[in-house]
Amino acid sequence: MTSVNLNAQIIGEGSPLVILHGLFGSARNWGSIARGLADIRQVHALDLRNHGSSPWDPLMSYERMAEDVAAYIERRGLAPADVLGHSMGGKTAMLMALTHPELVERLIVVDIAPVSYVRESFPEYLRAMQGIDLDRLHRRADIDEALAPAIPDASLRAFLMQNLVSQDGRFHWRINLAGIGPNLPTIIAFPEVEGHFDGPTTFLAGERSDYIRPRDTTAIERLFPRAKLIEIGETGHWPHAERPERFLSLTRDALTA
């Protein structure tokens with residue numbers, strides 16, 4: 001299996017912490033969290049394939065994304081590293097810990113479980129982003145207005161629009177929308193995997209989110225027998241953005257326990 005060479009933003013000194021973003025995200029989304037942990041860790045925030053400044057590839061299974069991250073850790077000589085992943089990045093982190101446990105010291109999973117989901121919203125977001133005529137729209141405000149009917153949540157639109165890049169007076173998407181689309185069924189699923197990860201594992205769940213449900217604890221406990229589940233009050237699927245100070249406090253606790 002051929003891996004891609006992932007782009008990284010690195011800050012801090014000390015033992016390594018690898019951060020993996022979620023779908024439609026990038027390493028840049030984690031800048032403030034990385035800075036908040038840089039006094040206790042050397043933070044490597046990665047762009048996963050088809051995101052940020054990492055290479056585009058038509059294949060985007062969790063097996064391939066996990067191999068990308070494993071190759072990065074091995075190439076940089078970081079093993080064993082602490083690994084934190086959110087949503088899609090959390091699934092990637094879990095699979096890598098299960099298939100390459102020697103590379104992972106401890107695991108932090110943010111608002112996702114090792115299960116398959118049914119999510120109709122992701123294809124809608126993708127269609128909305130692909131449906132915009134960027135040759136005709138030259139202001140971010142105009143693009144925001146064009147996205148609004150399909151994506152009424154202003155904060156979500158702002159998150160997605162972080163993938164816009166302006167070059168020579170025109171906008172284009174940094175993210176590989178055409179490559180992600182066919183892989184969405186794989187991204188919302190989770191592969192069948194044997195074994196378990198014996199290292200310290202912390203699941204941080206948004207209190208208002210439905211991504212970690214009571215019935216998901218069976219899969220969590222089977223694959224991660226040392227897992228602790230902590231809810232972050234008054235947050236949804238993005239607890240690191242909604243309550244960053246609380247998120248940082250819990251993350252530091254998990255890293256130093």
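Answer yes or no as to whether Ser166 is within 20 Å of the chain's Cα centre (by Cα) and not aliphatic (A, V, I, L, M).
no
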Problem - Residue match in region 244-255 (condition: not small (Gly, Ala, Ser) and not in a helix (DSSP H, G or I)) - result: no
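Say whether the condition of being among the hydroxyl-bearing types (Ser, Thr, Tyr), under 18 Å from Trp173 (Cα atoms) and either modelled with pLDDT of 95 or more or not assigned by TED's automatic domain parsing to the domain that holds Gly77 (or both) is met by at least one residue in region 28-38.
Filtering region 28-38 for residues among the hydroxyl-bearing types (Ser, Thr, Tyr) gives 32.
Applying the additional criterion that residues be under 18 Å from Trp173 (Cα atoms) yields none.
No, that holds for no residue.
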Exercise for the section: Identify, from the list Glu105, Glu13, the residue that is within 23 Å of Phe197 (Cα to Cα), assigned by TED's automatic domain parsing to the domain that holds Phe247 and among the acidic types (Asp, Glu). Expected result: Glu105
Handout entry: Hits in region 9-35 - residues which are in contact (Cβ under 8 Å) with a residue 60 or more places away in the chain and over 14 Å from Leu84 (Cα atoms)
Key = Leu23, Phe24, Gly25, Arg28, Ser32
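Residues are listed down the side, and each one gets a yes or a no for (1) part of a loop (DSSP other than H, G, I, E, B); (2) under 28 Å from Lys228 (Cβ atoms); (3) out of contact with any helix residue (DSSP H, G or I) (no Cβ under 6 Å at 6 or more places or on another chain):
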{"position": "Met1", "(1), (2), (3)": "yes, no, no"}
{"position": "Leu23", "(1), (2), (3)": "yes, yes, no"}
{"position": "Arg28", "(1), (2), (3)": "no, no, yes"}
{"position": "Ile40", "(1), (2), (3)": "yes, yes, yes"}
{"position": "His44", "(1), (2), (3)": "no, yes, yes"}
{"position": "Pro58", "(1), (2), (3)": "yes, no, no"}
{"position": "Arg64", "(1), (2), (3)": "no, no, yes"}
{"position": "Ala93", "(1), (2), (3)": "no, yes, yes"}
{"position": "Leu107", "(1), (2), (3)": "no, yes, no"}
Exercise for the section: Output yes when any residue across region 108-117 is farther than 25 Å from Ala254 by Cβ and buried (at least 17 other Cβ atoms within 10 Å of the Cβ), and no when none is. Expected result: no
Problem - Residues satisfying the stated conditions in region 72-87, i.e. acidic (Asp, Glu) and either part of a helix (DSSP H, G or I) or not assigned by TED's automatic domain parsing to the domain that holds Gly31 (or both) - result: Glu74
Exercise for the section: Could you list, in sequence order, all residues of region 223-235 that are buried (at least 16 other Cβ atoms within 10 Å of the Cβ) and either touching a residue at least 40 places away in the same chain (Cβ under 8 Å) or in a loop (DSSP other than H, G, I, E, B) (or both)? Expected result: Leu223, Phe224, Thr235
Fill in the blank from the handout: Scanning region 150-188 for residues that are in a loop (DSSP other than H, G, I, E, B) and out of contact with any helix residue (DSSP H, G or I) (no Cβ under 8 Å at 6 or more places or on another chain), the one nearest to Gly52 (Cα to Cα) turns out to be Asn176
Practice task
Take the residues in region 163-222 that are among the basic types (Lys, Arg) and surrounded by fewer than 13 Cβ atoms within 10 Å (Cβ to Cβ), then tell me which one is nearest to Ala257 (Cα to Cα).
Solution key: Arg222
Exercise for the section: Give the residues of region 45-66 that are in contact with a His (Cβ under 9 Å, 6 or more places away or on another chain) and of a type outside the set (Asp, Glu), sorted by residue number. Expected result: Ala45, Leu46, Leu48, His51, Gly52, Ala66
Fill in the blank from the handout: Within region 110-130, restricting to residues that are outside any loop (DSSP other than H, G, I, E, B) and hydroxyl-bearing (Ser, Thr, Tyr), the one that is modelled with the highest pLDDT is Tyr125
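The values are calculated or read from the model by the stated rules, or taken from the named source; none is laboratory data. Quick caveat: nothing in here was measured; it's all calculated off a predicted structure. Note that we place each Cβ from the backbone using ideal geometry, even for glycine, and neighbour counts take in every protein chain shown.
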